[in-house]
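Worksheet for the structure shown next.
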Amino acid sequence: MFEEPNEEPAERPIDPAQRAKEKSDEFRMHAELAAVFEGCRKFDAAVVPGLDAEIARDIQRSMGKLDKAKVADTPIIVPESAGEAARILNIPRSNKDSGTEVPHAGGLSTNDYHIHRRPGEVMIVRWLEGDQVATFYERLQAHFDAALKHYREEERQAREWKQDAQTLAYLEALDKIDVKMEERYLREPIRKHNVFVLSTQSADEMDILHLCDFLMGVDAAEVVGAASAPPDEPTESDRAWFFKLFSLRGMNEGVEKMCFFTYMQKTEEGW
């Protein structure tokens, strides 16, 4: 799913602290995937097909524009584009409540996975707000901490006996990792200063069965459609999809909100 670094220090001479940071970043990405897509397994979320194509394309275009409208090398969106970010976060609200004219948007729910798909192409939108956002951050931290703890234990058991300086320095660097996911995702500035934040992650070849079966707990056909789902005995090519996740976060009318927009396209030749 992601290109992982070689684990053998002898084959990959790298600063132990840098190597530990790379593992931390890897665990952070996987923790975000788990927290974003575990809703059906953990929080009674539903896969809701039939998202209006106009809404899906509107969100896709807006996410692309917002991704280019950031302050320098940060994920913070420039003030001039704050209104557009707020509009996207507010789409689930009915037109009557929000005062924003969004065709066909009335009734879109938070927590659920709203899906627009065509053969070989899928867009998934999930909104969270209020307590749902707080729960997301709790789960994000829990996934990261669990992965890091497990890896630390495995590495210590497998390598500590060597007692060479490089290995011991790496194990020490792993022990020093202390990532607060709310800080990493700028939750405090979002809440205190009313800024909007957009981060992304992508994979050239996401394993669709890992995403659907393992993370979401649903059959792949529910997400990508029966025609695009892998066969019973899939090859690696059958399972490979281009994947890009946009994570938009901000405050809107005093409520903390998130919108996760996922674009996927089958990577197999011919799509």
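Using amide H atoms built 1.01 Å from N in the peptide plane, name the residues 5+ places from residue 48, or on other chains, whose amide H lies under 5 Å from its own.
113, 114, 115
What share of Cα pairs, in percent, lie more than 19 angstrom apart in the stretch 133-257?
67
Would you mind ranking 199, 247 so that the residue whose beta carbon has the fewest other beta carbons within 10 Å leads the list?
199, 247
Within the stretch 231-261, whose backbone N sits under 12 Å from a point 7 Å along Cα→Cβ of residue 43?
Under 12 Å, as judged by backbone N against the label point of residue 43, lie 257-260 of the stretch 231-261.
If packing is taken as the average count of other Cβ atoms within 10 Å, what order do 217-230, 151-164, 60-73, 120-133 fall into, highest mean first? Walk me through the intermediate numbers first.
Values: 217-230: 17.0, 151-164: 12.2, 60-73: 14.2, 120-133: 19.7.
Highest-to-lowest ranking by the protection proxy: 120-133, 217-230, 60-73, 151-164.
I need the per residue convex hull volume for the stretch 123-170, using only the alpha carbons, in cubic angstrom as a whole number.
102
Can you give me the angle between helix 131-159 and the longest principal axis of the chain, using Cα atoms only, in degrees from 0 to 90, rounded to the nearest 10?
That works out to roughly 20 degrees.
What does a probe at residue 182 reach in the stretch 19-38, counting residues whose amide N is under 11 Å from the point 7 Å along Cα→Cβ?
none
Counting only helical runs of four or more DSSP H residues, what would the 222 nm mean residue ellipticity of the chain come to if each run contributes -39,500 (n - 2.57) and the total is spread over all its residues?
Computed ellipticity for the chain at 222 nm equals -12500 deg cm²/dmol.
Rounded to two decimals, what is the ratio between the C-alpha radius of gyration of the chain and 2.2 N^0.38 Å?
Against the empirical 2.2 N^0.38 Å value, I get 1.08 for the chain.
What ranking do 260-266, 172-178, 231-237 get when scored by the average of other Cβ atoms within 10 Å per residue, highest first?
Working: 260-266: 20.4, 172-178: 13.6, 231-237: 8.9.
Ranking the peptides 260-266, 172-178, 231-237 by packing returns 260-266, 172-178, 231-237.
For the stretch 16-266, what relative contact order do you get, as a whole percent, if you take Cα pairs closer than 8 Å and at least 6 residues apart? Spell out each step's value before the answer.
Numbers: 384 pairs, mean separation 71.0, N = 251.
Value for the stretch 16-266: 28 percent.
Note the full-extension length gain between residue 15 and residue 202 as 0.36 nm times their separation in residues minus their Cα-Cα distance, in nm to one decimal.
64.7 nm
No lab work stands behind these numbers, since they all come straight from the coordinates. Remember, predicted model here, so these are calculated numbers, not experimental data. Glycine also receives a Cβ, built like all others from the backbone with ideal geometry; neighbour counts cover every protein chain displayed.
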